[in-house]
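In what follows, a single structure is set out as structure tokens and then discussed.
The values are calculated or read from the model by the stated rules, or taken from the named source; none is laboratory data. Small disclaimer: the values here were computed from a predicted structure and weren't measured. We place every Cβ from the backbone using ideal geometry, glycine too, and count neighbours over all the protein chains shown.
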Protein chains: 4
Amino acid sequence: MPMPVSTPVIVINYKVYPGSIGPEGLTLSRLCDEISRKSGASIVICPPATELFCVQKEVGIPVWGQAADPVEPGGRTGHVTIEMLQNVGAEGLLINHSERRLQIADIEWLVARARRLGLHTCVCANNSAVSRACAALGPDLIAVEPPELIGGDISVTSANPDIVRSSVDEVRRVNPDVRVLCGAGVKTGKDVRKAIELGAQGVLLASGVVSAKDKRATLMDLVGGLQ
Amino acid sequence: MPMPVSTPVIVINYKVYPGSIGPEGLTLSRLCDEISRKSGASIVICPPATELFCVQKEVGIPVWGQAADPVEPGGRTGHVTIEMLQNVGAEGLLINHSERRLQIADIEWLVARARRLGLHTCVCANNSAVSRACAALGPDLIAVEPPELIGGDISVTSANPDIVRSSVDEVRRVNPDVRVLCGAGVKTGKDVRKAIELGAQGVLLASGVVSAKDKRATLMDLVGGLQ
Amino acid sequence: MPMPVSTPVIVINYKVYPGSIGPEGLTLSRLCDEISRKSGASIVICPPATELFCVQKEVGIPVWGQAADPVEPGGRTGHVTIEMLQNVGAEGLLINHSERRLQIADIEWLVARARRLGLHTCVCANNSAVSRACAALGPDLIAVEPPELIGGDISVTSANPDIVRSSVDEVRRVNPDVRVLCGAGVKTGKDVRKAIELGAQGVLLASGVVSAKDKRATLMDLVGGLQ
Amino acid sequence: MPMPVSTPVIVINYKVYPGSIGPEGLTLSRLCDEISRKSGASIVICPPATELFCVQKEVGIPVWGQAADPVEPGGRTGHVTIEMLQNVGAEGLLINHSERRLQIADIEWLVARARRLGLHTCVCANNSAVSRACAALGPDLIAVEPPELIGGDISVTSANPDIVRSSVDEVRRVNPDVRVLCGAGVKTGKDVRKAIELGAQGVLLASGVVSAKDKRATLMDLVGGLQ
């Protein structure tokens, strides 16, 4: 089993932006690593599947996959298995992101299999009822993200603080071992601070970092919100 | 809101067998109605979408849909909405059957919308962890069915009594208002009796009735298991 | 085999609007029937699956399904098979509508099976390359509809006449037995006339009729475009 | 544009077997490279997405992706874009493998985009009607594989030579620039020779190589069938 996920945490989903792959993706990864080292902040990065090998060789912070298919190794074409992610150095994975939603039986399967293989899991949920249901499956983390705010300019912590608060409450009631992140529109240290005030253990964000003009300044600001 | 689902209950999923549609499907529906009336047993039938109108006109027992798409009425082609089911007389619906699995956000959406429209819901689950997660979404019923036993000759109550018992326990812990059915391989009154001994409030079955040679005898036997 | 589809034709996809079901849907169906009878115009209507039985009993014009699942009758839950459509009186079906896109192997399967069962097929395509590929599968009709224009206010015949012309040409080259319709934004008799000038054998439309304020006037205008 | 695919060709789909990743996958890749170099035979290999970077650095033969999602770079999570494949050295990709079937509009999109980006494409088809339809989309190669024979012990060239012959004929009629491969159950040089006699330009195979006990002997035998 890898080290437990240190919280509070900033999880960065690279998605598949042009800047998420190749030299630009590597530069971003090294920057995250450097800032985590210097600040002591816990940062997890999720590069595209094809980039995992190169990225994990360059950094000391945890590298996760963005998704896995709910299948065992074998006669499958074009799939990404948990074993494939692990083989190139991933220590965890996102599950059920709103851009890659899964059937409930498949979420259960992936969470259980990742645990057995020693990988961390963060299951994404679109509202507090789904957060509650996902908590019953026992992942390490749940990230609640209202889909209509993803990629937008208003942080979930301002637009819908209640969804964060109620997810934290309901997840705790169902399974107190599961920690809650929030995401969607998160861009600044102020958003991170607000997330933590609402009871979250961190944030999941993507374009806020990957599409930022000044990535160093953005990351420094975000990390400041953890303190 | 229609009458609450009376339990213990036998829910019959007609699926789309040749014998589920047309005159044969109508005959089966009238038979279920007659046996329910005479025995006092609670029976719910789930004919194919195209048959709902004709069936519900002929019977007094509750008629449910087999599935609905998680979409609102509007510009959608080939979808079956909850409103469409309701318009032809359905009082409830199955959700997430193993032959029609859904994303978790869509299960949550369907359960909430059906409740608002006054329809009952039975969410299918493949194991006790998924039963537990689905209970957090608050449907009327959860039907636990190990997929590998569906359509087979050995009843879940013999092949895997633990999955029934543990689903009952875990659902009760998460949401005591949700009742549990079990299914897969159920064919006889003895299977029904065993299901109830294990804490279930009834059974969900399909081929056990629809493909039975002597449907009247089979139904009489099943109903006998409720007493 | 039912009567061949008489062309030029106006195919009306009811989708699942509130006005597509119940008494409103029946009224629309009777109106289409009356106008077809009086004008001699060929009109095909595609009500939602749950409404097919009631609609086909009321009208003489062809009634089609909006979609079918690519499966045989049997142990399937919530599916709509071609046999189910046929049992409630459908004489044909739409396949691969942009709101219900299918895998290519499944389109091939549905076209072949419908032909064997004696149902007509109209395969929808999003551009002329896909029209050409679908023509190779031998349906009765292909309806080319640029997805970005569906449900909008500008007819494909104005916004993109080339897509209609090139689909007609390419389909003819691959399989001259297949006739081409066009759709998306079609609302008026002028649009219908233009479609026919471009080489199409008619139109596929939905909201243009189902959401029209004055449905009789709209239908009369559309039908006028066929002459 | 990379060099045109040299035919006749042996395309090896690694799928996601345990032996497809890590050191075992690299050893297989080096072996394919060595045998291609020594024999002059054209071999294309398709490792899992996470392995592409490491494999392409080690070999001179073309490395392809097993699949791509039909999306542009951007705000997508867990997807594999054509750009991602290209960035780690892929020169082509499989499309619509029977274990990763796509909607027809998406096949058209991927073929067109890959061509624009300078990658080769091989579209898989399950029968000759689908081969014919896919030929209309203009990929470099079509691989016809009856799904029921995939992973089995009888080569398509013995079990169903007609499907190969008719695919070759029909593809040629629709688009003579498209070359045809066949697959499913192919394991020996004799199977390769038969494929070529039937008019195919090579074979697509997976377990026949990846699960072979003696991979060198198997590859030498296969390559022998090209002469």
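Can you pull out the residues in the stretch A:178-197 that are over 22 Å from A:Lys15 (Cβ atoms) and assigned to a helix (DSSP H, G or I)?
Matches in the stretch A:178-197: A:Lys190, A:Arg193, A:Lys194, A:Ile196, A:Glu197.
How many residues are of a type in the set (D, E, K, R) and surrounded by fewer than 19 Cβ atoms within 10 Å (Cβ to Cβ) if we restrict to the stretch C:102-112?
0
Take the residues in the stretch C:173-227 that are away from every other protein chain (no Cβ under 14 Å) and on the phi > 0 side of the Ramachandran plot; name whichever of them is surrounded by the fewest Cβ atoms within 10 Å (Cβ to Cβ).
The selected residue is C:Gly199.
Collect the residues in the stretch A:89-104 that are within 26 Å of D:Ile21 (Cα to Cα), away from chain D (no Cβ under 13 Å) and either in a strand (DSSP E or B) or free of Cβ contacts under 8 Å to residues at least 12 places away in the same chain (or both), keeping them in residue-number order.
Across the stretch A:89-104, the qualifying residue is only A:Gly92.
In this structure, does A:Ala212 turn out to be assigned to a loop (DSSP other than H, G, I, E, B), more than 17 Å from the chain's Cα centre (by Cα) and under 28 Å from A:Leu28 (Cα atoms)?
yes
Among the listed residues B:Ala200, B:Ala217, which satisfies the condition of being modelled with pLDDT of 95 or more and assigned to a helix (DSSP H, G or I)?
Every option except B:Ala217 fails the conditions.
Go through the residues of the stretch D:16-23 one by one and say whether even a single one is over 30 Å from A:Gly19 (Cβ atoms) and either buried (at least 20 other Cβ atoms within 10 Å of the Cβ) or in contact (Cβ under 8 Å) with a residue 12 or more places away in the chain (or both).
yes
Could you list, in sequence order, the residues of the stretch A:195-217 that are out of contact with any strand residue (DSSP E or B) (no Cβ under 8 Å at 6 or more places or on another chain), over 20 Å from A:Val63 (Cβ atoms) and not small (Gly, Ala, Ser)?
A:Glu197, A:Lys213, A:Asp214
Of all residues in the stretch D:125-141, which are over 21 Å from A:Arg76 (Cβ atoms), within 12 Å of chain C (Cβ to nearest Cβ) and not small (Gly, Ala, Ser)?
D:Asn127, D:Arg132, D:Cys134, D:Leu137, D:Pro139
Does any residue of the stretch C:153-172 turn out to be in a helix (DSSP H, G or I), closer than 28 Å to C:Ser29 by Cα and in contact (Cβ under 8 Å) with a residue 40 or more places away in the chain?
Yes, the stretch C:153-172 contains at least one residue that is in a helix (DSSP H, G or I), closer than 28 Å to C:Ser29 by Cα and in contact (Cβ under 8 Å) with a residue 40 or more places away in the chain.
Report yes if some residue within the stretch B:141-164 is within 19 Å of A:Arg132 (Cα to Cα) and surrounded by fewer than 22 Cβ atoms within 10 Å (Cβ to Cβ); otherwise report no.
Checked against the condition, which is being within 19 Å of A:Arg132 (Cα to Cα) and surrounded by fewer than 22 Cβ atoms within 10 Å (Cβ to Cβ), the stretch B:141-164 yields no hits at all.
Yes/no per residue for (1) within 17 Å of the chain's Cα centre (by Cα); (2) among the hydrophobic types (A, V, I, L, M, F, W, C); (3) farther than 18 Å from A:Val186 by Cβ; (4) at the interface with chain D (Cβ under 7 Å from one of its Cβ atoms):
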{"position": "A:Met3", "(1), (2), (3), (4)": "yes, yes, yes, no"}
{"position": "A:Arg30", "(1), (2), (3), (4)": "no, no, yes, no"}
{"position": "A:Glu34", "(1), (2), (3), (4)": "no, no, yes, no"}
{"position": "A:Leu52", "(1), (2), (3), (4)": "yes, yes, yes, yes"}
{"position": "A:Gln56", "(1), (2), (3), (4)": "yes, no, yes, no"}
{"position": "A:Thr77", "(1), (2), (3), (4)": "no, no, yes, yes"}
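How many of the residues making up the stretch B:41-95 are crowded, with 23+ Cβ neighbours inside 10 Å and of a type in the set (Lys, Arg)?
Residues meeting the conditions: 0.
If C:Ile82 satisfies all but one of (1) without any contact (Cβ under 8 Å) to a residue 60 or more places away in the chain; (2) farther than 30 Å from B:Ile12 by Cα, what's the number of the condition it fails?
(2)
With A:Ile61, A:Ile43, A:Ile10, A:Ile107 as the choices, which residue is more than 10 Å from chain D (Cβ to nearest Cβ), touching a helix residue (DSSP H, G or I) at 6+ places or on another chain (Cβ under 8 Å), touching a residue at least 24 places away in the same chain (Cβ under 8 Å) and closer than 21 Å to D:Arg100 by Cβ?
A:Ile107
Which of the residues that make up the stretch B:115-124 are surrounded by fewer than 23 Cβ atoms within 10 Å (Cβ to Cβ) and either within 11 Å of chain C (Cβ to nearest Cβ) or touching a residue at least 24 places away in the same chain (Cβ under 8 Å) (or both)?
B:Leu117, B:Gly118, B:His120 - these are the residues of the stretch B:115-124 that are surrounded by fewer than 23 Cβ atoms within 10 Å (Cβ to Cβ) and either within 11 Å of chain C (Cβ to nearest Cβ) or touching a residue at least 24 places away in the same chain (Cβ under 8 Å) (or both).
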